[in-house]
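So the structure is just underneath, and the comments pick up after that.
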Amino acid sequence: MAKKTNKQPNKQPKKFILQFIKYITSNRLFLSYVLFALIGSILIRAFTVGHPFDYHPIMVDLALILIIGAFGYLIKPKKQFHYFFAWIIIYNIINIIGSIYYTFYESFPTIGLIASITQVGEVKDSLLNELRVVDFIYILFPVLFYYTHKVLGRQNYYNHMSKIEKGKKMCVSTMLAGVILLACTLVTLTGTDYSRLAKQWNREAIVERFGIILYQGNDIVQSLYPKINSLFGYDEAVRKFKDFYGQKSQEEHQNNEYTGIFEGMNVIFVHMESMQQFLMDLEFNGQAVTPTVKKIASEGMYFSHFYPQISVGTSSDTEFTLNTSLMPANSGTVFVSYYNREYLSIPKLLKEKGYYTFSMHGNKADMWNRSKMHPQLGYDEMFFQDSFKVTKENTVGLGINDYAFFEQAMPILRDIETKHQNYMGTVITLSNHSPFNDVEKYGEFDLSYKRMETDEETGETKEVIDDYLTDTKMGNYIKSAHYADLALDEFINYINNDELFNNTIFVFYGDHEAKLSRSEFNNLYNYDKEKGELKTEEDEGYYNYDYYASELNKNTPLIFWTKNAKIRKKINKEITYYMGMYDILPTLGNMMGFSSPYALGHDIFNIKDDNIIIFPNGNFLTSKVYYNNSTGLYMPLQNNVELETDYIEKNKEYTEQYLDISNSIIVHDLIKEVNLFNESGGENE
């Protein structure tokens with residue numbers, strides 16, 4: 001007879017469920033804090049860089065939310081709400097600022113940019129024009145958390161928790177859970193991820209991999225970088241600086257066919273605000289968008305693969321990189337955060353040759369801190385808004401329109417021409433600045449397309465006018481650029497019709513792209529005018545305006561132009577080498593007879609197709625590839641050309657080295673502190 005046994009049921013699952021229910025019911029405030037904070041961190045990625053449900057950033061954000069929240073348990077339950085509520089507000093302020101900033105700059109803000117908050121007043125119209133409803137969705141979470149608190153209060157939750165909660169134990173266990181979760185997540189990330197975190201070049205990639213909270217915490221540490229490194233990192237920076245430039249100084253200077261061609265000539269840089277190159281090939285109803293830029297390109301030396309290298313400082317970054325051949329700062333902007341450093345610049349190098357230097361802009365002198373940075377760059381005199389007669393009638397967008405600006409600038413330029421044997425100046429235009437919404441002042445420029453349509457029912461054929469770009473950001477930008485181009489034509493006419501300026505080289509350059517979305521370009525390139533609708537991927541002639549197409553489309557015009565017929569004949573050609581903003585100083589310097597031993601760029605006529613354009617986010621561009629530092633992927637630019645096995649790795653190392661050296665010069669003021677080169681350009685012993 002079988003022996004009867006009594007099996008005891010396994011009580012572990014039931015016990016676990018009861019404990020879980022108990023934890024949920026006795027930690028409702030804390031869990032609400034975690035939930036609302038985590039949802040916000042997921043949404044900020046969803047509305048900016050994408051990939052909202054990637055494992056790594058969710059786990060890192062959750063771990064940090066737990067660690068920060070753990071300290072709330074050290075507070076009495078009745079007062080815990082204030083602690084958690086404060087952090088909910090902090091998280092969502094970070095999200096709101098990050099979302100707005102990303103909408104405008106396609107990047108994330110840094111603590112260093114707080115110093116430049118005064119700039120917002122000057123570009124508020126541009127900023128407001130870009131805002132989206134989703135930028136403010138994060139306001140809901142503090143509201144929902146407050147509502148949760150009120151509900152819990154009515155349920156006597158806080159009195160109950162005061163009797164049963166073991167605060168110190170909950171603090172330790174919650175913090176331990178957060179630390180373990182953080183450690184387990186971080187060990188699965190790559191060395192490249194940590195390199196990006198440490199260098200803070202590619203802020204989008206950091207948010208993608210580490211989440212918004214760790215990004216912001218890391219940025220706070222980065223904002224202390226100058227002070228921390230003045231104590232701990234200075235010696236290492238100096239060593240690398242000396243090694244780098246010691247080796248660079250041994251590179252033999254090469255003359256080429258353009259060496260000294262502009263020796264003794266004056267130079268005026270004309271900063272063409274937001275002027276992109278794609279406009280030069282654009283026509284509507286037989287009318288060119290930028291006929292003037294096309295004309296001077298055909299008359300001068302035109303660099304058709306020229307790329308600005310800007311970060312968050314936009315126009316100010318262009319001014320800095322052009323004048324110094326250094327890169328923008330990793331954190332903040334040089335013009336605002338590092339204006340008091342020593343830089344070797346084009347104005348200073350030409351002043352050593354006896355040149356008078358000046359800058360001219362129709363905006364306020366404190367915009368981008370130019371009132372302090374321009375003297376630091378070596379400009380002798382500045383002509384800003386208070387040097388011009390600005391009225392309501394002659395204002396377009398952010399200030400005096402380019403027509404009035406050039407008209408009033410000419411007497412100043414003539415005076416400079418007659419008083420100074422040699423001079424160098426920078427003239428900064430303003431009318432084509434975003435948000436490109438002063439449409440009623442841009443004049444008539446017809447963006448419509450006329451086509452014939454046949455009514456299927458009546459068989460009647462009639463003309464249809466399709467205004468598909470009107471009242472779009474792209475349409476407004478095109479009209480704004482056309483307006484600025486025609487104003488530039490007036491300036492060229494002033495110069496050509498004047499008896500002066502025969503010994504002057506004009507350097508026209510677009511300072512950066514217009515910062516329009518890919519969807520705006522898709523609407524421009526893929527609109528089927530005959531059908532009156534957007535093409536799809538299945539349609540013939542569809543242009544895939546993807547990430548790489550967008551990046552490669554950010555080039556701007558660069559033109560060396562003169563009215564001097566003899567010189568014009570020598571330089572009149574298109575240059576197709578890939579070239580960056582930091583290549584202007586060494587290229588023009590060879591032509592004019594000056595050089596900077598600290599220049600990171602190259603004379604394009606020496607390096608030619610072997611050049612590499614480095615971008616502040618760690619991306620790079622050569623004649624062969626465009627490399628995306630965020631993904632580690634690249635797009636070949638030449639068909640049937642095989643890359644060397646280590647081509648990408650070598651250029652990645654090159655990019656990292658140059659960005660490190662440039663940032664060390666800026667942060668540690670190494671040109672002043674180390675004084676590596678003497679006045680003759682030789683290395684000091």
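A few notes on this one:
- Those residues of segment 352-390 which are touching a strand residue (DSSP E or B) at 6+ places or on another chain (Cβ under 6 Å) and either polar (S, T, N, Q) or assigned to a helix (DSSP H, G or I) (or both), in sequence order: Thr357, Ser359, Asn363, His374
- Residue check, Phe594 in a loop (DSSP other than H, G, I, E, B), in contact (Cβ under 8 Å) with a residue 40 or more places away in the chain and over 32 Å from the mean Cα position of the chain (by Cα): no
- When Phe508, Phe491 are screened for being touching a residue at least 12 places away in the same chain (Cβ under 8 Å), at negative phi and part of a strand (DSSP E or B), only Phe508 passes.
- Listed by first and then second residue, the pairs with beta-carbon distance under 6 Å, at least 6 apart or on different chains, first residue in segment 74-85 and closer than 18 Å to Met175 by Cα, second at pLDDT below 95 and of a type in the set (Phe, Trp, Tyr), are Pro77/Tyr158.
- Segment 620-636, residues that are closer than 19 Å to Asn553 by Cβ, part of a loop (DSSP other than H, G, I, E, B), at pLDDT below 95 and of a type outside the set (Val, Ile, Thr): Asn629, Ser630
- Exclusive hit being in contact with a Leu (Cβ under 8 Å, 6 or more places away or on another chain) and in the same structural domain as Asn502 (by TED's automatic domain parsing), set Asp402, Asp386: Asp402
- Looking across segment 486-501, the residues that are buried (at least 16 other Cβ atoms within 10 Å of the Cβ) and either over 35 Å from the mean Cα position of the chain (by Cα) or over 24 Å from Asn266 (Cβ atoms) (or both) come down to Leu486, Phe501.
- Test: residue in segment 466-478 that is outside any helix (DSSP H, G or I), among the small types (Gly, Ala, Ser) and in the same structural domain as Leu516 (by TED's automatic domain parsing): no
- Scanning segment 271-294 for residues that are assigned to a helix (DSSP H, G or I) and in contact (Cβ under 8 Å) with a residue 12 or more places away in the chain yields Gln277, Phe278, Leu279, Met280, Pro291, Thr292, Val293, Lys294.
- Against the numbered list (1) at pLDDT 95 or above; (2) farther than 22 Å from Thr318 by Cβ; (3) under 24 Å from the mean Cα position of the chain (by Cα), Phe508 comes up short only at (2).
- The number of residues in segment 166-184 that are closer than 16 Å to Leu31 by Cα, of a type outside the set (Ser, Thr, Tyr) and crowded, with 17+ Cβ neighbours inside 10 Å comes to 4.
- Taken as a whole, segment 429-450 holds at least one residue that is surrounded by 14 or more Cβ atoms within 10 Å (Cβ to Cβ), within 21 Å of Ile346 (Cβ to Cβ) and in contact (Cβ under 8 Å) with a residue 60 or more places away in the chain.
- Screening Val221, Val207 for residues that are aliphatic (A, V, I, L, M) and modelled with pLDDT of 90 or more leaves exactly one candidate, Val207.
- Answer residue from segment 546-588, given it is among the small types (Gly, Ala, Ser) and more than 23 Å from Leu524 (Cβ to Cβ) and is surrounded by the fewest Cβ atoms within 10 Å (Cβ to Cβ) among those: Ala565
- The set of residues from segment 515-545 being out of contact with any helix residue (DSSP H, G or I) (no Cβ under 7 Å at 6 or more places or on another chain), exposed (fewer than 15 other Cβ atoms within 10 Å of the Cβ), within 30 Å of Glu273 (Cβ to Cβ) and in contact (Cβ under 8 Å) with a residue 24 or more places away in the chain comprises Ser517, Lys529.
- Contacts under 7 angstrom Cβ, first residue in segment 379-403 being of a type in the set (Lys, Arg), partner crowded, with 16+ Cβ neighbours inside 10 Å and not in a strand (DSSP E or B), 6 or more apart: Lys389/Gln408
- Qualifying residue in segment 557-571 (condition: β-branched (Val, Ile, Thr), at pLDDT 95 or above, within 27 Å of the chain's Cα centre (by Cα) and in a loop (DSSP other than H, G, I, E, B)): no
- Selection within segment 391-410 - outside any loop (DSSP other than H, G, I, E, B) and hydroxyl-bearing (Ser, Thr, Tyr): Thr395, Tyr403
- Filter pass, Ile268 being within 21 Å of Lys563 (Cα to Cα), in a strand (DSSP E or B) and touching a strand residue (DSSP E or B) at 6+ places or on another chain (Cβ under 9 Å): yes
The values are calculated or read from the model by the stated rules, or taken from the named source; none is laboratory data. Source: prediction; values computed, not measured. So basically every Cβ, Gly included, is an ideal-geometry build from the backbone, and we count neighbours across all protein chains shown.
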